[in-house]
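The block underneath contains the structure these notes are about, expressed in C-alpha cells.
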Amino acid sequence: MSEETITLEVTRYRPGHDREPRAQTFSVPYRKDWVVLDALNHIKDRTDGTLSYRWSCRMGVCGSCGMMVNGVPKLTCAAFLRDYHPGPIRVEPLANFPVVRDLVISLDDFMEKLRRVKPWIIREVEKPVAEGEYLQTPAQLDLYKQFSMCINCMLCYAACPVYGLDPVFIGPAAIALGYRYNLDSRDEGYRIRQPILTEAVGVWDCTFVGECSVVCPKGVDPAAAIQRSKVAGAKEWFMSMLLPWGGR
Amino acid sequence: MSTRKTSEPFWWGLFSVGGVVAAFLVPVHLFLHGLAVPLGWIPVSPARIQALVGHPLIKLYLFVLIALPLYHWAHRFRFILEDVGLHALRAPIAVLSYGSAVVGTVLTLWVLLR
C-alpha cells in the first residue's frame, strides 16, 4: 500500500527575479505526528533544496518559524498536519512584512520598533554588584510575567490589521514588551519609556481588534497591555492639562 | 521618529467613560423606562416622571446618559471606517465622527436646559 500524502501549497518568491509571489505545490508524506515545519524540512531535504524559510528550535521557543498557515499566523513547529487533514495546506510568509525570499520576511522594521521601546531594565543609578541582586516578591513577578513570555515571533504583527494598513504603528509585541518593563519593580525607566508608548503611533493607533492576543502562541495578551497603557496615558494627559506645572 | 503632541488621549478618555455609561447605565435605563414602567411593573405616573425630569440632578444624569455614549460611538465609528480601508481619509472621518458627537452634546444641552 502506498503511503498517504498531503499537499502543501508553498509561496515561492525571489524579489528581483520573480515578478510576483506564486504558489508551488508539493506532496509530502502525511504523518499524524508531523507539523508543517517537518513537511517544509522534508521538501527542502528531498524535493527542492532552494526552498527558503526560517526555523531553529522546532519547539515553540525561538519564535523564528512563524508563517501564514491557511491564512492564519502560526508557529509552523506547532501547526500539526493532522489539524489540516486532508489538505491542501497553504503556507505563506507572515502577512504585513516585506518578503526577502520565499517564506522569509524582513525583520528590520520590528527590530527597530523593539529597540525604540527600550525593552530592558533602566536604572537611574546601577546598584554595585557587591550589594547583590535586585530582589522581587512573587507578587511583583506576577504583575509582568505573562508579558515576559513574548518570543518575538511577530505573529501578532501579521494578525494586526492596523499594522497592515499603516506600518508606522509600533505594534502589539513591542508595546507589550515596553509595558512589561514598565511593570517591573526593578525598573526606573517609566518616564523614558511611557512617552514612547503613548505617542501618536504608539498605543493610540490601536483600534481594539484584539487579534494579536488571539494568535499569540505564548498566551501573552498584547491587547491588554495596549489598553492598560491607554488608561495610564489618558490619565497622564488629563493631569498635564489640569495641572500644567505637574506634567512631565 | 516624531513624538508629536496628540489629542488622542482626550478622545480616548471620552470614548472610555462613554463606554462605561453605555455598558452600565444605558441597559438599566432601558429596562426601567423601556419595559418596567410602560408594562406597569413599577407603578409610576407620567406626571411624576415629568416632575423628576425637571430636577437639576436628573438633568445632569440625562446629560451623562445621552452625551457620553455619543463619544463612545464616534471613536468606534471612526476606527471602523479606518479599518475597512478608508485610512487615507482619517482626518475628515475624525472631524465628522467627533463633530457629530459634539453636535449631539450641544443638542442634548439645549433640550435639557431650555
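The values are calculated or read from the model by the stated rules, or taken from the named source; none is laboratory data. Since we're looking at a predicted model, the values are computed, not measured. Neighbour counts are summed over all protein chains in view; Cβ atoms, including those assigned to glycine, are modelled from backbone coordinates with ideal geometry. Ligands, DNA and RNA are excluded from the accessible area calculation, which covers all protein heavy atoms including side chains. Shrake-Rupley method; radii C 1.70, N 1.55, O 1.52, S 1.80 Å.
Is it the case, given these coordinates, that A:Glu211 is touching a residue at least 24 places away in the same chain (Cβ under 8 Å), in contact with a helix residue (DSSP H, G or I) (Cβ under 6 Å, 6 or more places away or on another chain) and of a type in the set (D, E, K, R)? So A:Glu211 passes the test.
Here is the figure for segment A:178-214: residues that are in a helix (DSSP H, G or I), open to solvent by 20 Å² or more (accessible area, probe 1.4 Å) and hydrophobic (A, V, I, L, M, F, W, C) total 3.
Screening segment B:35-114 for helices (runs of 4 or more DSSP H) wholly inside it with 2 or more residues that are of a type in the set (Gly, Ala, Ser) and open to solvent by 60 Å² or more (accessible area, probe 1.4 Å) returns the ranges B:46-53. Restricting attention to segment A:128-161, the residues being within 14 Å of chain B (Cβ to nearest Cβ) and crowded, with 24+ Cβ neighbours inside 10 Å number 2.
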